[in-house]
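Step one of this worksheet: look at the structure below.
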Amino acid sequence: MKNLQHLFENNRLWAEETTRRRPEFFETLSRQQNPEYLWIGCSDSRVPANEIVGLMPGELFVHRNVGNVVVHSDMNCLSVLQYAVDILHVKHIIVCGHYGCGGVRAALEEKGHGLIDNWLRHIRDIEGRKLLELAALASPEEKVDRLCELNAVAQALNVGNTTIVQDAWARGQDVTVHGWIYGLNNGLAHDLGVNLSSLDELKLFQHG
Ligand code: CO
C-alpha cells in the first residue's frame, strides 16, 4: 500500500478502457486542449466536476478550493481565470456551490478552526449581508443550505467583477458567468438564476 499500487492499477485500467473505446483519444488530447467551460467549485471529494456534467478530459478547465470562493486578490484563482478567458477562450464560467458544504457550515460556527477561518471569513461576510433572510429560516441546516446558494451567487458576481471578465466583455468576447448549486443527496445541479453575458447584465443583477 505504501506505493499506492491500487491507484496505479485503477489508472492503467482506465487508460486501457478509454483507449479501447476511442483509440486516438490520448494522442489527440496530448496535442491541445480546447475546453468550452471553466468550472470553479468546492474541493469537497463528493463534487467531482467532470463526472457531474458528463464531460471528458479536455472539455472542462477546473479550479477548486474550499467553499468555491473567488477572492479578488487570490492569484491562484485569478491565474486560472485569466488563462481560461484570455488563452482558452472558454464560453462559460460555472461557479458551482453545493448543499451541505463543510466550508459554509464552518463559516457559520462560533468556534475557531485555525488558519482556514481567514478564508471562510469571505463566506461569513456574505452571511453578514443577509442576516435577516437567514434568521427567518427554521433550522440550522436550512440556514447552511441557503448560505451555500447565496455564496455561489456572490462568487459568480465576483467572477463578473474581475478585470479579466470585464475586459473580455469590453472587447466583445462571448463569455457567460453562471451560478449553480449541486445536491450531494441526489447528484443534481441547478441553475441559481445567474447567467451574465455583459457588464449591463451584471449591473442589472447587482442593483435590480
Ligand atoms: Co464544500
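The values are calculated or read from the model by the stated rules, or taken from the named source; none is laboratory data. Keep in mind that this is a model prediction, so the values were computed, not measured. No Cβ is skipped: glycine too gets one built from the backbone with ideal geometry, and neighbour counts run over all protein chains shown. The protein model used for the area step is the full one, side chains on, heavy atoms only, and it has no ligands, DNA or RNA in it. Shrake-Rupley method; radii C 1.70, N 1.55, O 1.52, S 1.80 Å.
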Looking at the range 89-100, can you tell me whether even one residue there is within 14 Å of the chain's Cα centre (by Cα), within 15 Å of the ligand (Cβ to nearest atom) and over 23 Å from Leu204 (Cβ atoms)?
yes
Please list, ordered by first then second residue, the pairs with beta carbon atoms under 7 Å, 6 or more apart or interchain, first in the range 91-112 and within 16 Å of Glu142 (Cβ to Cβ) and of a type in the set (A, V, I, L, M), second within 9 Å of the ligand (Cβ to nearest atom) and at pLDDT 95 or above.
Val104/Gly67; Val104/Cys148
Which of (1) more than 19 Å from Gly179 (Cα to Cα); (2) without any contact (Cβ under 8 Å) to a residue 40 or more places away in the chain; (3) open to solvent by 80 Å² or more (accessible area, probe 1.4 Å) does Thr18 not meet, given it meets every other one?
(3)
For the range 24-47, how many residues meet the condition of being of a type outside the set (Phe, Trp, Tyr) and open to solvent by 40 Å² or more (accessible area, probe 1.4 Å)?
13
Evaluate the following for Leu115: is it under 25 Å from Thr162 (Cα atoms) and away from the ligand (no atom under 16 Å from the Cβ)?
no
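Let's see how each residue does on (1) open to solvent by less than 10 Å² (accessible area, probe 1.4 Å); (2) closer than 20 Å to Asn195 by Cα:
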residue: Val71; (1), (2): no, yes
residue: Ala84; (1), (2): yes, yes
residue: His89; (1), (2): no, yes
residue: Cys101; (1), (2): yes, no
residue: Asp117; (1), (2): no, no
residue: Leu120; (1), (2): yes, no
residue: Arg129; (1), (2): no, no
For the range 23-33, indicate whether the set of residues that are of a type outside the set (Ser, Thr, Tyr) and in contact (Cβ under 8 Å) with a residue 40 or more places away in the chain is non-empty.
yes
Only one of Asn11, Asn76 is surrounded by fewer than 17 Cβ atoms within 10 Å (Cβ to Cβ), within 15 Å of the chain's Cα centre (by Cα) and either over 16 Å from His178 (Cβ atoms) or at pLDDT below 95 (or both); which?
Asn76
Open to solvent by 80 Å² or more (accessible area, probe 1.4 Å) and modelled with pLDDT of 95 or more: is that true of Asn151 in this structure?
no
